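Everything on this sheet refers to the single structure shown next.
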Amino acid sequence: HAIATPTFVGTGATSFGSTTTVELQRAASFTTLSQLPGAGRNTHAFIERLVASVPGFTMRLGDRSLVPQAVEELLGRSEASLRVQSTARVRQNPRPLVSVIVPVFNGTKFVERCVRSILMQDYAPIEILIVDDGSSDDIVSAVRSLPVDVRFFRQTNGGPASARNRGLQEAVGELIAFLDVDDYWPSNNMVLLAERLAADPTVQVVHGSAQVVRAADKDADETYLGAALESFPFYLGAAMFRRTAFDAVGLFDPELRFGEDTDWFHRAKEQRLLIERLPEVTLYVRRHADNMTRGKSMKEVSALRVFKKVLDRGRADRDST
(Lines give C-alpha, C1' and ligand atoms only; values in the text may rest on other atoms or scores of the structure.)
Protein backbone atom coordinates (compact mmCIF):
# COMPACT_ATOMS: atom_id res chain seq x y z
CA HIS A 1 0.00 0.00 0.00
CA ALA A 2 2.90 2.35 0.87
CA ILE A 3 6.45 2.22 2.18
CA ALA A 4 7.69 4.43 4.99
CA THR A 5 10.92 4.90 6.91
CA PRO A 6 10.54 5.84 10.57
CA THR A 7 11.85 8.82 12.47
CA PHE A 8 11.11 9.34 16.16
CA VAL A 9 9.31 12.45 17.36
CA GLY A 10 8.43 11.04 20.76
CA THR A 11 5.15 12.78 21.57
CA GLY A 12 1.87 13.60 19.86
CA ALA A 13 0.20 11.85 16.96
CA THR A 14 2.09 9.84 14.34
CA SER A 15 2.10 11.48 10.92
CA PHE A 16 3.43 10.79 7.44
CA GLY A 17 5.65 13.29 5.64
CA SER A 18 7.57 13.53 2.40
CA THR A 19 10.82 11.75 1.63
CA THR A 20 12.87 10.73 -1.42
CA THR A 21 13.61 7.48 -3.22
CA VAL A 22 17.24 7.83 -2.11
CA GLU A 23 16.28 7.91 1.57
CA LEU A 24 13.85 5.00 1.21
CA GLN A 25 16.37 2.83 -0.63
CA ARG A 26 19.06 3.67 1.89
CA ALA A 27 16.78 2.79 4.80
CA ALA A 28 15.74 -0.51 3.23
CA SER A 29 19.26 -1.45 2.18
CA PHE A 30 20.64 -1.00 5.71
CA THR A 31 18.14 -3.36 7.34
CA THR A 32 18.60 -7.07 7.97
CA LEU A 33 17.14 -7.72 4.51
CA SER A 34 20.53 -6.96 2.96
CA GLN A 35 22.26 -9.15 5.55
CA LEU A 36 20.35 -12.35 4.77
CA PRO A 37 22.25 -15.34 3.34
CA GLY A 38 22.16 -15.14 -0.44
CA ALA A 39 21.43 -11.42 -0.49
CA GLY A 40 23.20 -9.58 -3.28
CA ARG A 41 22.51 -7.61 -6.44
CA ASN A 42 19.07 -9.21 -6.81
CA THR A 43 18.18 -8.10 -3.27
CA HIS A 44 19.03 -4.49 -3.99
CA ALA A 45 17.24 -4.62 -7.34
CA PHE A 46 14.14 -5.86 -5.49
CA ILE A 47 14.42 -2.97 -2.99
CA GLU A 48 14.63 -0.48 -5.84
CA ARG A 49 11.56 -1.96 -7.56
CA LEU A 50 9.66 -1.97 -4.26
CA VAL A 51 10.43 1.68 -3.54
CA ALA A 52 9.46 2.65 -7.09
CA SER A 53 6.19 0.74 -7.07
CA VAL A 54 4.34 2.35 -4.13
CA PRO A 55 4.00 5.79 -2.52
CA GLY A 56 6.79 6.60 -0.07
CA PHE A 57 6.88 8.56 3.18
CA THR A 58 8.75 9.39 6.35
CA MET A 59 6.73 8.03 9.27
CA ARG A 60 7.11 10.45 12.19
CA LEU A 61 6.47 8.27 15.22
CA GLY A 62 4.95 10.04 18.20
CA ASP A 63 3.01 8.61 21.17
CA ARG A 64 3.22 4.83 20.81
CA SER A 65 -0.43 4.32 21.73
CA LEU A 66 -1.49 6.41 18.72
CA VAL A 67 0.67 4.62 16.12
CA PRO A 68 -1.90 1.91 15.21
CA GLN A 69 -4.53 4.58 14.55
CA ALA A 70 -2.22 6.43 12.17
CA VAL A 71 -1.40 3.22 10.28
CA GLU A 72 -5.08 2.31 10.03
CA GLU A 73 -5.89 5.73 8.60
CA LEU A 74 -3.11 5.39 6.03
CA LEU A 75 -4.39 1.97 4.95
CA GLY A 76 -7.87 3.41 4.53
CA ARG A 77 -6.76 5.93 1.92
CA SER A 78 -6.71 5.26 -1.81
CA GLU A 79 -3.46 4.79 -3.70
CA ALA A 80 -4.25 7.84 -5.82
CA SER A 81 -4.62 9.96 -2.70
CA LEU A 82 -1.34 8.67 -1.28
CA ARG A 83 0.55 9.33 -4.51
CA VAL A 84 -0.61 12.93 -4.49
CA GLN A 85 0.88 13.39 -1.01
CA SER A 86 4.02 11.35 -1.65
CA THR A 87 6.96 13.24 -3.12
CA ALA A 88 9.08 10.12 -3.61
CA ARG A 89 9.33 9.66 -7.34
CA VAL A 90 10.55 6.83 -9.54
CA ARG A 91 14.11 7.35 -10.77
CA GLN A 92 14.22 6.84 -14.52
CA ASN A 93 17.76 5.44 -14.54
CA PRO A 94 18.37 3.19 -11.52
CA ARG A 95 21.78 3.67 -9.97
CA PRO A 96 24.16 0.73 -9.58
CA LEU A 97 24.89 -0.64 -6.13
CA VAL A 98 28.15 0.72 -4.66
CA SER A 99 30.06 -1.39 -2.13
CA VAL A 100 32.05 0.84 0.24
CA ILE A 101 34.95 -1.08 1.81
CA VAL A 102 36.42 0.29 5.06
CA PRO A 103 39.54 -1.50 6.36
CA VAL A 104 40.20 -0.92 10.08
CA PHE A 105 43.20 -1.62 12.30
CA ASN A 106 42.96 -0.11 15.79
CA GLY A 107 40.87 2.73 14.44
CA THR A 108 37.79 2.34 16.63
CA LYS A 109 37.65 6.05 17.52
CA PHE A 110 37.25 6.95 13.84
CA VAL A 111 34.55 4.41 12.88
CA GLU A 112 31.44 6.46 13.67
CA ARG A 113 32.77 9.57 11.93
CA CYS A 114 33.79 7.56 8.87
CA VAL A 115 30.37 5.95 8.51
CA ARG A 116 28.71 9.33 8.99
CA SER A 117 30.75 10.62 6.03
CA ILE A 118 29.41 7.77 3.90
CA LEU A 119 25.81 8.33 4.99
CA MET A 120 26.05 12.04 4.11
CA GLN A 121 26.50 11.11 0.45
CA ASP A 122 23.25 11.64 -1.46
CA TYR A 123 23.49 8.23 -3.08
CA ALA A 124 21.61 4.93 -2.94
CA PRO A 125 21.85 2.00 -3.06
CA ILE A 126 25.04 1.35 -1.11
CA GLU A 127 26.39 -1.30 1.23
CA ILE A 128 29.10 -0.65 3.82
CA LEU A 129 31.63 -3.38 4.55
CA ILE A 130 33.90 -2.89 7.57
CA VAL A 131 36.85 -5.29 7.66
CA ASP A 132 38.64 -5.50 11.02
CA ASP A 133 42.27 -6.43 10.35
CA GLY A 134 43.05 -7.92 13.76
CA SER A 135 42.45 -4.83 15.91
CA SER A 136 43.20 -4.96 19.63
CA ASP A 137 40.80 -2.15 20.55
CA ASP A 138 37.03 -2.51 21.01
CA ILE A 139 35.97 -2.39 17.36
CA VAL A 140 32.94 -4.63 18.02
CA SER A 141 31.31 -2.09 20.36
CA ALA A 142 31.96 0.72 17.88
CA VAL A 143 30.26 -1.21 15.08
CA ARG A 144 27.30 -2.17 17.27
CA SER A 145 26.69 1.48 18.15
CA LEU A 146 26.52 2.64 14.52
CA PRO A 147 23.22 4.17 13.36
CA VAL A 148 22.97 1.72 10.41
CA ASP A 149 23.59 -1.94 9.73
CA VAL A 150 26.94 -2.70 8.13
CA ARG A 151 28.52 -5.91 6.94
CA PHE A 152 31.24 -6.60 9.49
CA PHE A 153 34.12 -9.03 8.99
CA ARG A 154 37.06 -9.91 11.23
CA GLN A 155 40.38 -11.50 10.33
CA THR A 156 43.85 -11.96 11.77
CA ASN A 157 46.15 -9.07 10.97
CA GLY A 158 47.34 -9.25 7.38
CA GLY A 159 47.75 -5.61 6.43
CA PRO A 160 45.60 -3.14 4.45
CA ALA A 161 45.91 -5.08 1.18
CA SER A 162 44.62 -8.25 2.81
CA ALA A 163 41.72 -6.39 4.45
CA ARG A 164 40.72 -4.71 1.19
CA ASN A 165 40.92 -8.03 -0.64
CA ARG A 166 38.56 -9.55 1.94
CA GLY A 167 36.14 -6.70 1.33
CA LEU A 168 36.32 -7.25 -2.43
CA GLN A 169 35.61 -10.95 -2.00
CA GLU A 170 32.52 -10.21 0.11
CA ALA A 171 31.19 -7.16 -1.80
CA VAL A 172 28.22 -7.53 -4.14
CA GLY A 173 28.20 -4.07 -5.73
CA GLU A 174 28.78 -3.36 -9.40
CA LEU A 175 30.88 -0.38 -8.30
CA ILE A 176 33.54 -0.38 -5.59
CA ALA A 177 34.78 2.44 -3.35
CA PHE A 178 37.36 2.38 -0.56
CA LEU A 179 37.50 4.70 2.44
CA ASP A 180 40.16 4.48 5.14
CA VAL A 181 38.55 4.75 8.54
CA ASP A 182 40.30 8.04 9.40
CA ASP A 183 39.50 9.79 6.09
CA TYR A 184 36.27 11.28 4.70
CA TRP A 185 34.62 12.32 1.45
CA PRO A 186 33.30 15.67 0.23
CA SER A 187 29.51 15.91 0.01
CA ASN A 188 27.96 14.50 -3.17
CA ASN A 189 31.24 12.70 -3.94
CA MET A 190 29.70 9.30 -4.72
CA VAL A 191 27.19 10.85 -7.12
CA LEU A 192 29.98 12.64 -8.98
CA LEU A 193 32.14 9.53 -9.37
CA ALA A 194 29.28 7.17 -10.21
CA GLU A 195 27.89 9.54 -12.83
CA ARG A 196 31.29 9.81 -14.51
CA LEU A 197 31.47 6.03 -14.76
CA ALA A 198 27.91 5.91 -16.11
CA ALA A 199 28.78 8.50 -18.77
CA ASP A 200 31.46 6.29 -20.37
CA PRO A 201 31.17 2.48 -20.07
CA THR A 202 34.77 2.07 -21.30
CA VAL A 203 36.19 3.87 -18.24
CA GLN A 204 37.05 1.40 -15.47
CA VAL A 205 38.18 3.85 -12.77
CA VAL A 206 37.51 7.52 -12.05
CA HIS A 207 40.02 9.22 -9.78
CA GLY A 208 40.12 12.70 -8.33
CA SER A 209 42.63 14.44 -6.07
CA ALA A 210 43.11 14.12 -2.32
CA GLN A 211 43.38 17.10 -0.01
CA VAL A 212 45.51 16.44 3.06
CA VAL A 213 44.20 18.11 6.23
CA ARG A 214 45.41 18.48 9.80
CA ALA A 215 42.97 16.55 11.98
CA ALA A 216 40.63 18.41 14.34
CA ASP A 217 37.61 17.50 16.45
CA LYS A 218 35.26 18.90 13.78
CA ASP A 219 35.65 18.67 9.99
CA ALA A 220 35.03 22.41 9.69
CA ASP A 221 38.01 23.15 11.97
CA GLU A 222 40.53 21.13 9.94
CA THR A 223 43.21 23.02 8.03
CA TYR A 224 44.62 22.20 4.60
CA LEU A 225 48.19 20.95 4.31
CA GLY A 226 49.64 21.62 0.85
CA ALA A 227 47.79 21.60 -2.46
CA ALA A 228 45.51 18.77 -3.58
CA LEU A 229 47.04 18.52 -7.06
CA GLU A 230 50.47 17.98 -5.48
CA SER A 231 49.38 15.22 -3.10
CA PHE A 232 50.06 11.49 -3.41
CA PRO A 233 48.38 10.48 -6.71
CA PHE A 234 47.25 6.94 -5.82
CA TYR A 235 44.90 7.34 -2.86
CA LEU A 236 42.31 4.59 -3.22
CA GLY A 237 39.68 6.60 -1.38
CA ALA A 238 39.80 9.29 -4.07
CA ALA A 239 38.57 6.84 -6.71
CA MET A 240 35.61 4.69 -7.68
CA PHE A 241 36.15 1.39 -9.49
CA ARG A 242 34.08 -0.92 -11.61
CA ARG A 243 34.23 -4.44 -10.20
CA THR A 244 35.51 -5.57 -13.59
CA ALA A 245 38.67 -3.50 -13.03
CA PHE A 246 39.79 -6.06 -10.45
CA ASP A 247 38.99 -8.90 -12.84
CA ALA A 248 41.45 -7.33 -15.29
CA VAL A 249 44.19 -6.22 -12.89
CA GLY A 250 43.77 -8.59 -9.96
CA LEU A 251 43.50 -7.95 -6.22
CA PHE A 252 45.93 -5.97 -4.07
CA ASP A 253 49.28 -7.60 -3.37
CA PRO A 254 49.04 -8.97 0.21
CA GLU A 255 52.84 -9.16 0.43
CA LEU A 256 52.92 -5.36 0.58
CA ARG A 257 52.10 -3.92 4.00
CA PHE A 258 52.39 -0.47 2.44
CA GLY A 259 52.35 0.70 -1.17
CA GLU A 260 49.68 -1.76 -2.32
CA ASP A 261 47.75 1.17 -3.85
CA THR A 262 50.75 2.35 -5.90
CA ASP A 263 51.44 -1.21 -7.01
CA TRP A 264 47.82 -1.76 -8.14
CA PHE A 265 47.76 1.42 -10.23
CA HIS A 266 51.09 0.51 -11.82
CA ARG A 267 49.64 -2.88 -12.77
CA ALA A 268 46.51 -1.16 -14.10
CA LYS A 269 48.68 1.06 -16.31
CA GLU A 270 50.55 -2.00 -17.58
CA GLN A 271 47.17 -3.59 -18.45
CA ARG A 272 46.17 -0.35 -20.23
CA LEU A 273 43.15 0.01 -18.00
CA LEU A 274 41.21 3.17 -18.87
CA ILE A 275 41.34 5.53 -15.86
CA GLU A 276 39.75 8.98 -15.99
CA ARG A 277 41.39 11.66 -13.87
CA LEU A 278 39.14 14.40 -12.50
CA PRO A 279 40.19 17.89 -11.35
CA GLU A 280 37.90 17.77 -8.30
CA VAL A 281 38.95 16.97 -4.73
CA THR A 282 37.31 13.60 -4.02
CA LEU A 283 38.95 12.72 -0.68
CA TYR A 284 40.09 14.40 2.52
CA VAL A 285 43.05 12.65 4.16
CA ARG A 286 43.54 13.32 7.85
CA ARG A 287 47.02 13.66 9.26
CA HIS A 288 47.20 12.72 12.95
CA ALA A 289 49.43 10.98 15.47
CA ASP A 290 48.06 7.50 14.68
CA ASN A 291 48.60 7.45 10.89
CA MET A 292 50.09 4.10 9.84
CA THR A 293 52.76 5.75 7.67
CA ARG A 294 53.73 8.41 10.23
CA GLY A 295 57.50 8.44 10.71
CA LYS A 296 58.09 5.57 8.25
CA SER A 297 61.12 5.51 5.97
CA MET A 298 61.00 4.93 2.20
CA LYS A 299 61.95 1.31 2.84
CA GLU A 300 59.28 0.85 5.50
CA VAL A 301 56.48 2.17 3.26
CA SER A 302 57.59 -0.25 0.51
CA ALA A 303 58.33 2.43 -2.10
CA LEU A 304 61.51 0.71 -3.26
CA ARG A 305 59.87 -2.70 -3.14
CA VAL A 306 56.99 -1.50 -5.33
CA PHE A 307 59.46 0.02 -7.80
CA LYS A 308 61.38 -3.26 -7.96
CA LYS A 309 58.16 -5.15 -8.69
CA VAL A 310 57.53 -2.80 -11.63
CA LEU A 311 61.03 -3.44 -12.96
CA ASP A 312 60.70 -7.21 -12.47
CA ARG A 313 57.40 -7.31 -14.39
CA GLY A 314 58.92 -5.27 -17.21
CA ARG A 315 61.92 -7.58 -17.37
CA ALA A 316 59.65 -10.65 -17.43
CA ASP A 317 57.59 -9.15 -20.28
CA ARG A 318 60.73 -8.47 -22.32
CA ASP A 319 62.03 -11.99 -21.69
CA SER A 320 58.77 -13.53 -22.89
CA THR A 321 58.75 -11.66 -26.23
**Message:** Let's test the formula: R0 of 56 Å, r as the Cβ-Cβ distance of Lys269 and Phe8. What FRET efficiency results, to the nearest 0.05?
**Reply:** 0.65
**Separation in nanometres of the label points that stand 7 Å from Cα toward Cβ, at Ala227 and Leu251** = 3.9 nm
**Prompt:** Using θ = phi - 60° and the Karplus curve 6.51 cos²θ - 1.76 cosθ + 1.60, what whole-Hz ³J(HN,Hα) does each residue of the range 144-154 get, with Gly and Pro shown as x?
**Reply:** 5, 8, 5, x, 9, 6, 10, 8, 10, 10, 10
**Prompt:** Can you give the accessible area of Arg277, probe radius 1.4 Å, in Å² rounded to 10?
**Reply:** 120 Å²
**Request:** Would you mind calculating the relative contact order of the range 171-248 from Cα pairs under 8 angstrom and at least 6 residues apart, reporting the percent as a whole number?
**Result:** 42 percent
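The values are calculated or read from the model by the stated rules, or taken from the named source; none is laboratory data. Just so we're clear, the structure is a prediction, and the values are computed from it rather than from any experiment. All Cβ positions, even for glycine, are placed from backbone atoms using ideal geometry, and neighbour counts span all protein chains on display. To get the accessible areas, we keep the full protein, side chains included, count just its heavy atoms, and leave off ligands, DNA and RNA. Shrake-Rupley method; radii C 1.70, N 1.55, O 1.52, S 1.80 Å.
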